[in-house]
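Heads up: the structure comes next, in structure tokens.
None of the figures in this text is laboratory data; all of them are computed from the coordinates on show. Keep in mind that this is a model prediction, so the values were computed, not measured. Here the Cβ is made from the backbone with ideal geometry for all residues, glycine too, and neighbour counts use every protein chain on show.
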Amino acid sequence: MTLAGRGAVVTGAGRGIGMAVTRALAGAGAAVVAMARTRDQVEALATELRAAGRQARAVAGDVTNPADVRALAQAAETELGHVDILVNSAGAAHSAPLHKLTLEDWNRLLAVNATGTFLCTQAFLPGMLERRWGRVANIASVAGLGGGKYIAAYSASKHAVIGFTRSVATEVAGTGVTVNAVCPGYVDTDMTRESVARIAAKTGMSPEAALHAALESTGQRQLISPEEVARAVLTLCDDAARDTNGETVVIAEGGMPMTLRIVNPDALGRPSGWNNGMLAAAGGRVLFVAGQTAPERAGLVEQWAGALERVLEVVRAAGGGPEHIGRMTVYVTDRQAYLASRKPLGAVHRRLMGRHYPAMTLVEVRALADEHAAVEIEATAVLP
């Protein structure tokens, strides 16, 4: 991909996702104006990019301040001549139980995450429409698609970003301008480290346990790198993305779109070897996999492996992987034999599925359609 000749503005560029996005856009050839509240951070980034032969300018300012946004627009016009790409990455996070959530914190999160996105988009969108080419990418969050304990203000502000994205996308449809949102889970940034520290301080957990609890709430095993989010943004800026408009691109670790979130209510206890529920993200494609068997193999464990391999073959043919399977129903002709083989069956599962555990149901039947089959597996997958 090349963005040579394109002018880009990135807010929240002093650190984290905004910094990674700025580097990615500049690396693709775009001339960039980077904005952040902390002048030292954003100046250092612009100096780094210029030293690498890129065109970059730093602007210090607050996206919640209309005067600062006007100054950003003027600086971008002077530096770039035209702004083709806007990435609204400036953001703030907070966590607290509802009864401890202050009006000041509520207003602050809505101002930074939602109002800042509105002000910047309003400032730069008219020029894009006039030139009939433009890309707006709003950094939202999986919290903007669902909810979670103690993040009412943060979740509400990110829901606002997604609602704003979808609404503006309908206004610009067919003009050559697109407006999309990128929704990562927990990203390896200072903001996440600050959030984890707050959880640890309020609960008495160790930082490691607090991070694990946070990741588990989104079905993650590890933090997402800012560069993975930047790659998703870069893809949305390509000419080939002209038909992608009003979408929410959900990102999980490894750069894979995350289509499922684990739902394990505390009241039901912590399951082992399965999950109570898997919540599908908005916009996923549902794949129903018919019952698969491997009757030519001898033994329950071998038939289980063959059936699961065939389920995965169907999922991969549709563009997915093990991590996209949300539900599996397992039919066996001998429940006792199945229960007695749980250890080797678990080893097969981990070999083929990794540490991904769908919502699973076991059903004992008198017989299967193929009289030589001892096990049959059907599945439902949600693909990106």
Original post:
Put a dot 7 Å past each Cα toward the Cβ at residue 231 and residue 288; how far apart are the dots in nm?
Top reply: 3.4
Subject >> Relative contact order of the chain, pairs being alpha-carbon contacts under 8 Å that are 6 or more residues apart, as % >> reply: 13
Subject >> the chain - Debye-derived log10 I(q)/I(0), Cα point model, q = 0.06, 0.08, 0.10, 0.11 Å⁻¹ >> reply: -0.29, -0.49, -0.71, -0.82
Subject >> Under 5 Å, built H, 5+ apart or other chain: amide partners of residue 86 >> reply: 9, 135, 136, 137
Subject >> Counted charge near residue 200, where neighbours are those whose Cβ lies closer than 12 Å (Asp, Glu -1; Lys, Arg +1) >> reply: +1
Original post:
Considering the Cα trace of the range 229-360, what is its radius of gyration and what is Dmax, both in angstroms?
Top reply: 17.7, 57
Subject >> Dipole magnitude of the range 7-258 about its Cα centre (Cβ charges: Lys, Arg +1; Asp, Glu -1), debye to nearest 20 >> reply: 260
Subject >> Theoretical FRET efficiency, 1/(1+(r/R0)^6), r = Cβ-Cβ of residue 364 and residue 244, R0 51 Å, to 0.05 >> reply: 0.65
**OP:** Determine the calculated [θ] at 222 nm for the chain from helices alone, applying -39500 (n - 2.57) to every DSSP H run no shorter than 4 residues and normalising by the residue count; nearest 500 deg cm²/dmol.
**Re:** -13000 deg cm²/dmol
Subject >> Under the Karplus curve 6.51 cos²θ - 1.76 cosθ + 1.60, θ = phi - 60°, whole-Hz ³J(HN,Hα) for the range 49-55, x wherever Gly or Pro sits >> reply: 5, 5, 5, 8, x, 9, 8
Subject >> Selected from 97, 326, 245, residue furthest toward positive end of dipole (the chain; charges at beta carbon) >> reply: 97
Original post:
If r is the Cβ-Cβ distance from residue 52 to residue 130 and R0 is 41 Å, what FRET efficiency results, to the nearest 0.05?
Top reply: 0.85
**OP:** Would you pull out the residues with amide H under 5 Å of residue 55's amide H, same chain only if 5 or more places away, H placed 1.01 Å from N?
**Re:** 32
